1. Given the rule -39500 (n - 2.57) for each run of at least 4 DSSP H residues, summed and divided by the residues of the chain, what is its mean residue ellipticity at 222 nm, to the nearest 500 deg cm²/dmol?
2. How far is helix 97-108 tilted off the main Cα axis of the chain, in degrees rounded to 10, range 0 to 90?
3. Under the definition of Cα pairs under 8 Å and six or more residues apart, what whole-number percent is the relative contact order of region 3-114?
4. So what's the chain giving for Cα Rg divided by 2.2 N^0.38 Å, two decimals?
5. What full-extension length gain, to one decimal in nm, is calculated for MET65 and ASP5 as 0.36 nm per residue of separation minus the Cα-Cα distance?
6. Anyone know which of ARG23, ARG102, ARG40 comes out most mobile in the 10 Å Cα GNM of the chain?
7. Rounded to the nearest 10 degrees, what's the angle between the helix 76-92 long axis and the longest principal axis of the chain, both from Cα atoms, 0 to 90?
8. What does the extension gain come out to for SER39 and GLU88, with contour length at 0.36 nm per residue minus their alpha carbon separation?
Amino acid sequence: MKLYDEIGGDAAIAAVVSDYWHRVSTDELLSPWFSTIDSRQLRFHLHAYLTVALDGPELYKGRSMRHAHAGLRVTGEAFDLLVLRLGESLEAVGAAPQNIHRVNARLSQLRAVIVEVES
């Protein structure tokens, strides 16, 4: 079974994105990166990206992760916290611990293309 289906499909991804947005937009360290971004558009892209990243239907039509984050000066600390917050959101919607670990492992592979400043 695909990770997308194991997590709960589109409804679970929508719930995760909603919870995740609340977590990152209210986090003292993370919120500055999101304060000037169109939250509706970002949540749309995040939903589409997570769907594809978790083996769901091919919905993502956005820029590459490298281009989408270029110049944002994302730190290693912020990246790690973003992954942690996503895990918390997955847990909040009832994802199994082993699936949260699988998601975190996949997202951690993006570190090299997103992080510009090691902290």
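Values in this text are rule-based calculations from the coordinates and carry no lab data. What you see is a predicted model, and the numbers here were worked out from it, not measured in a lab. Note that each Cβ is placed from the backbone with ideal geometry, even for glycine, and that neighbours are counted across all protein chains shown.
1. Helix-only estimate at 222 nm: -19500 deg cm²/dmol.
2. Compared with the principal axis, the helix lies near 40 degrees.
3. 36 percent
4. Here the Cα radius of gyration is 1.00 times the empirical estimate.
5. 19.3 nm
6. The residue that fluctuates most here is ARG40.
7. 30 degrees
8. 15.7 nm
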